[in-house]
Amino acid sequence: MTASPAHHRETAEAALRWVLDQVRWDAAGPWVPESVAVDPLDGSTDGAAAGAAGGAATPPDGRRGIHSGTGGLALLLAEVRLARPWTTEEATLAAAVADQLRAATATETEVSFFDGLAGTLSVLLALGEPGAEAVIERLLALATPDGWPTPWLEPPTYAPDARICDATLGTAGVLLAAAWAHRRGVPRADELAAHAAAVLLGEAEETADGPRWLFVPRRFRDTPPTEMPGWSHGQAGIASALAVAGSELGRPDLVEAARRGTERLLALADTSGGGLTVPRYVPPLESGDDPVSYGWCHGAAGTSQVFAALRHAGVADVGGHPPAHWQRAAFRSVRAAGVPARLRPGHWDNDGQCCGTAGVGDLLLNLWQRDRDGDHLAYAVEIGDALVSRAQGTGSHRWWRFVEHRAEQPLLPGVGWMQGAAGIAAYLLRLARLLEQGPDAPAVERADTWWARG
């Protein structure tokens, strides 16, 4: 271990200051750009001038979401509150984000964890704000017998009213949020969870190795489907949601479906050398993209979540071993790949929560809090040190530049949770706090991770 908790915290606070300085306000409340401009002369950033150099002069789509919007800032503020009292500025922003989410609930039609109602539910619960019951009612009102339509899935690739199964954009995300709300005592959350679980069970395709779930069910596609085994858009996330919901609802049938789905996952996995990786796509894409990854979204770190979920649900054996065996194997593969080192162009060029370094570290801290293995903490510190060393900035501001695959200018500093400074700052704050307080320190209880710490 090298950098001290104070060093991690100092960088995190400077990143928080930079994030707060990017917040803009309009009649609908606060918003942030997905990324901001960098001054070519001194390397500083100027949120107000962002539109001229690749940022945004108007609110982006998903302005309230967890992925890149104010919902993600709320998760950062929830972490800040565990480290120290909020400033007046921070308390004002947290209240405004909650107000904004509550005001939009009655008309919101997007249901996803990233940018919709499942995310709204998660944020309100993380902040301890009222409004969760209204979100449950809205999700129930939008439900159809086979799930929730996704309007942006359009012909000719997808049939009208196509559904998504996954944990970030689709039904499994609704299930994770509903199970968490049920645990927190929100009325009718159990009803919502039961409906989402029934939809997922109905979408399973049986294989010789166990059930599989496609990102979009086969009947909604005119082209051959691609199977994505990982957390964000595929098997690991869906099986995790079923395991957690089965545990919370007292539904052993859901836990068994999750266990069998994980058997299918293991049939696709490379477990050589005591590790565990899964392919990003089955069959592989013709584009030549890396066949495997290591982050939260599609990689081994995120895949480990399904084994944490099975542990939470009391499953003793999957694929011939306890779930903890496979959880550790996944991180063995992450470390063997060299994360967080930048080994070659295209290998590990992202430091965010979604696809990169901070997301791996956050999951490692969950595992350390559960198993108290010092090697996991040492690796989490190594990751934190790398993030500190890669921080850029001037004065009291820090930010990160890394490849964001969807961005037109992929190296612009990101602001939000999944691909920006907010998510990285939250990880560094948490790491500093746990180094000082130990494995029993509290954590922000998010719908996508609360069950991973034991």
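The values are calculated or read from the model by the stated rules, or taken from the named source; none is laboratory data. Quick caveat: nothing in here was measured; it's all calculated off a predicted structure. Heads up, the Cβs are rebuilt from the backbone with ideal geometry, glycines too, and the neighbour counts pull from every protein chain shown. With ligands, DNA and RNA removed, areas are computed over all heavy atoms of the protein, side chains included. Shrake-Rupley method; radii C 1.70, N 1.55, O 1.52, S 1.80 Å.
Determine whether segment 347-365 contains at least one residue that is open to solvent by less than 60 Å² (accessible area, probe 1.4 Å), outside any helix (DSSP H, G or I) and of a type in the set (Val, Ile, Thr).
Checked segment 347-365: no residue is open to solvent by less than 60 Å² (accessible area, probe 1.4 Å), outside any helix (DSSP H, G or I) and of a type in the set (Val, Ile, Thr).
For every residue, the table says whether it meets (1) at pLDDT below 95; (2) of a type in the set (Val, Ile, Thr).
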site	(1), (2)
Thr150	yes, yes
Ala159	yes, no
Pro187	no, no
Thr223	yes, yes
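Could you list all residues from segment 92-102 that are in contact (Cβ under 8 Å) with a residue 60 or more places away in the chain and either of a type outside the set (D, E, K, R) or closer than 16 Å to Gly72 by Cβ (or both)?
Listed by number, the residues that qualify are Leu93, Ala96, Val97, Gln100.
Just checking, does segment 241-263 include any residue being modelled with pLDDT of 95 or more and within 19 Å of Tyr158 (Cβ to Cβ)?
Taking segment 241-263 and keeping what is modelled with pLDDT of 95 or more, we get 241-263.
Checking the rest, the ones that are also within 19 Å of Tyr158 (Cβ to Cβ) come to none.
No: zero hits.
Given the condition under 21 Å from Gly423 (Cβ atoms) and in a loop (DSSP other than H, G, I, E, B), answer yes or no: does some residue in segment 314-335 qualify?
The answer is no, given that none of the residues of segment 314-335 is under 21 Å from Gly423 (Cβ atoms) and in a loop (DSSP other than H, G, I, E, B).
Restricting attention to segment 384-396, which residues are open to solvent by less than 40 Å² (accessible area, probe 1.4 Å), of a type outside the set (A, V, I, L, M) and not in a helix (DSSP H, G or I)? Before you say what the answer is, go through the steps one by one.
Here is the first cut: in segment 384-396, the ones open to solvent by less than 40 Å² (accessible area, probe 1.4 Å) are 384-388, 391, 393.
Within this subset, residues satisfying the condition of being of a type outside the set (A, V, I, L, M) are 384-385, 393.
Correct list: Gly393 only.
Among the residues of segment 337-371, what is the count of those that are in contact with a strand residue (DSSP E or B) (Cβ under 9 Å, 6 or more places away or on another chain) and farther than 10 Å from Gly423 by Cβ?
1
Can you tell me which condition Thr109 does not meet? The list is (1) open to solvent by 10 Å² or more (accessible area, probe 1.4 Å); (2) at pLDDT below 95, and all the others hold.
Condition not satisfied by Thr109: (2).
Could you please tell me which pairs satisfy a Cβ distance under 9 Å, a separation of 6+ or placement on different chains, a first residue in segment 289-311 that is open to solvent by 10 Å² or more (accessible area, probe 1.4 Å), and a second residue that is among the aromatic types (Phe, Trp, Tyr) and assigned to a helix (DSSP H, G or I)?
As it stands, the answer is Arg311/Trp451, since those pairs meet every condition given.
Count, please, the residues in segment 425-439 that happen to be open to solvent by 20 Å² or more (accessible area, probe 1.4 Å) and without any contact (Cβ under 8 Å) to a residue 40 or more places away in the chain.
Number of matching residues: 1.
Please verify whether Thr168 is of a type in the set (Ser, Thr, Tyr) and under 21 Å from Cys297 (Cα atoms), treating the condition exactly as stated.
Details: of a type in the set (Ser, Thr, Tyr): yes; under 21 Å from Cys297 (Cα atoms): yes.
Yes.
Going by the conditions given, is Leu377 assigned to a helix (DSSP H, G or I), buried (at least 17 other Cβ atoms within 10 Å of the Cβ) and in contact with a His (Cβ under 8 Å, 6 or more places away or on another chain)?
The answer is no for Leu377.
Looking only at segment 225-242, count every residue that is polar (S, T, N, Q) and open to solvent by 10 Å² or more (accessible area, probe 1.4 Å) and tell me the total.
Counting residues in segment 225-242 that are polar (S, T, N, Q) and open to solvent by 10 Å² or more (accessible area, probe 1.4 Å) gives 1.
Counting only residues that are in a loop (DSSP other than H, G, I, E, B) and touching a residue at least 60 places away in the same chain (Cβ under 8 Å), which one in segment 112-130 is surrounded by the most Cβ atoms within 10 Å (Cβ to Cβ)? Walk me through it before giving the result.
Initially, segment 112-130 is screened for residues in a loop (DSSP other than H, G, I, E, B), giving 112-116, 128-130.
Next cut, touching a residue at least 60 places away in the same chain (Cβ under 8 Å) only: 112-114.
Values: Ser112: 25, Phe113: 30, Phe114: 23.
Per the stated criteria, the residue is Phe113.
Across segment 397-412, which residue is least open to solvent (accessible area, probe 1.4 Å) among those that are more than 18 Å from Pro345 (Cβ to Cβ), in a loop (DSSP other than H, G, I, E, B) and modelled with pLDDT of 95 or more?
His397
Does any residue in segment 243-261 that is under 16 Å from Val306 (Cβ atoms) and open to solvent by less than 10 Å² (accessible area, probe 1.4 Å) come within less than 9 Å, Cβ to Cβ, of a residue that is at pLDDT 95 or above and acidic (Asp, Glu) six or more places away or on a different chain, and which pairs are these?
Partner pairs satisfying both residue conditions: Gly246/Asp253; Gly246/Glu256.
What residue, among those in segment 158-204 that are open to solvent by less than 40 Å² (accessible area, probe 1.4 Å) and charged (D, E, K, R), is farthest from Arg221 (Cα to Cα)?
Asp166
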